[in-house]
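Reviewing the structure listed below.
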Amino acid sequence: NAGVMQNPRHLVRRRGQEARLRCSPVKGHSHVYWYRQLPEEGLKFMVYLQKENIIDESGMPKERFSAEFPKEGPSILRIQQVVRGDSAAYFCASSPQTSGGSYEQYFGPGTRLTVT
Amino acid sequence: AQKITQTQPGMFVQEKEAVTLDCTYDTSDQSYGLFWYKQPSSGEMIFLIYQGSYDEQNATEGRYSLNFQKARKSANLVISASQLGDSAMYFCAMREDPGSNYKLTFGKGTLLTVNP
């Protein structure tokens, strides 16, 4: 009964390095969402993906950030040339294909990124 | 304009008493969903309760109930018989239903402290 898995749980990067965050959704879920939580803030939507497709990336910075959800394997959020302002908790959530109703998004435990 | 407003940065309640956490929202959609999540100090996001915009009755889940006042656009969370383990951040979130994009918009949260 595995929920959403994210790794690593903690990631430290120096300025200018790349950060790769992984998310394995609940088995059978085909929708993945990435959110970012800055200190003392609520979660902010970044990107919504279905298998092999980016559906909505309106919350993702245009530069340095990219996301993918391949046919096989986890979803990846990639941050190139990290800066201190990228330090945050990054949450992945997944949901089943069914639409509407009272379904919830199942959240992973988050990846805490620290940029030094 | 804020889509989700939580006006109480912090709340205190005595153990075994009830507490209400406020949430107001702003949307022009007729169909939407409202969620409450709990985030303990360990950082994970825990789903508590859901209310659909067309639901006529207030949602309840154990000690949690949602006081939904559609005309006032409010969706307050009521926790009855507070326990020490209820101490956490609480986030109100909304899912608007434009087509099939189910991203959530979160408020800034309320930090609840339950005193013994």
Which ³J(HN,Hα) values in Hz, rounded to whole numbers, follow from the phi angles of segment B:30-39 under the Karplus curve 6.51 cos²θ - 1.76 cosθ + 1.60, where θ = phi - 60° and Gly and Pro get x? 8, 10, 7, x, 10, 10, 10, 10, 10, 10
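From the alpha carbon gyration tensor of chain A, can you work out the equivalent ellipsoid semi-axes (sqrt of 5 times each eigenvalue) and give them in Å, largest to smallest?
Details: eigenvalues 109, 40, 36 Å².
Those come to 23, 14, 13 Å.
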Under a straight-distance cross-link criterion of Cα-Cα below 16 Å, which aspartates and glutamates are reachable from A:Lys44, leaving out those fewer than 8 residues away in the same chain? A:Asp56, A:Glu57, A:Asp86, B:Glu44, B:Glu96
Restricting to Cα pairs below 8 Å that are 6+ residues apart, what does the relative contact order work out to for chain A? Please round to a whole percent. 37
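Just the projected area, averaged over all directions, of the convex hull on the alpha carbon atoms of the protein assembly as shown: how many nm²? Let's see the in-between values first.
Numbers: hull surface 52.3 nm².
For the protein assembly as shown, the mean projected area of the Cα convex hull comes to 13.1 nm².
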Distance histogram for segment B:66-111 (every C-alpha pair counted, 5 angstrom bins, percent rounded to whole numbers): 5, 17, 19, 24, 18, 11, 5, 2, 0
Quote the total accessible area buried by chains A and B together, excluding ligands, DNA and RNA, probe 1.4 Å, nearest 100 Å². 1700
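Of the peptides A:105-115, B:52-62, how do they stack up when ordered by the mean number of other Cβ atoms within 10 Å, highest first? The partial results should precede the final answer.
On the way: A:105-115: 20.5, B:52-62: 13.3.
The packing order, highest mean first, is A:105-115, B:52-62.
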With point charges of +1 on the Cβ of Lys and Arg and -1 on the Cβ of Asp and Glu, referenced to the Cα centre of chain A, which listed residue (A:Leu49, A:Gly16, A:Gly73) lies farthest in the positive direction of the dipole? A:Gly16
What list of ³J(HN,Hα) couplings, whole Hz, do you get for segment B:40-54 from phi and the Karplus terms 6.51, -1.76, 1.60, once you set θ to phi - 60° and write x for glycine and proline? x, 4, 6, x, 6, 9, 10, 5, 10, 6, 10, 9, x, 5, 9
Globularity index of chain B, i.e. its alpha-carbon radius of gyration over 2.2 N^0.38 Å: 1.03
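Under the definition of partner shielding as Cβ atoms of other protein chains within 10 Å of a residue Cβ, what is the mean value for peptide B:104-115? Walk me through the intermediate numbers first.
Values: counts 10, 5, 7, 3, 4, 5, 0, 1, 0, 0, 0, 0.
Across the residues of B:104-115, the mean count of other-chain Cβ atoms within 10 Å is 3.
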Find how many whole Å separate the alpha carbon centroid of segment A:22-58 from the alpha carbon centroid of segment B:52-115. 21
Over 23 Å between C-alpha atoms is what I'm after, so list which of B:Lys38/B:Lys103; B:Lys70/B:Lys103; A:Lys27/B:Lys108; A:Lys27/A:Lys71; A:Lys62/B:Lys103 land there. A:Lys27/B:Lys108
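The values are calculated or read from the model by the stated rules, or taken from the named source; none is laboratory data. In this text, all values refer to a predicted model and were calculated from it rather than measured experimentally. FYI the Cβ positions are ideal-geometry reconstructions off the backbone, even for glycines, and counts take in every protein chain you see. Areas reflect the complete protein model, heavy atoms only, side chains present, ligands, DNA and RNA absent. Shrake-Rupley method; radii C 1.70, N 1.55, O 1.52, S 1.80 Å.
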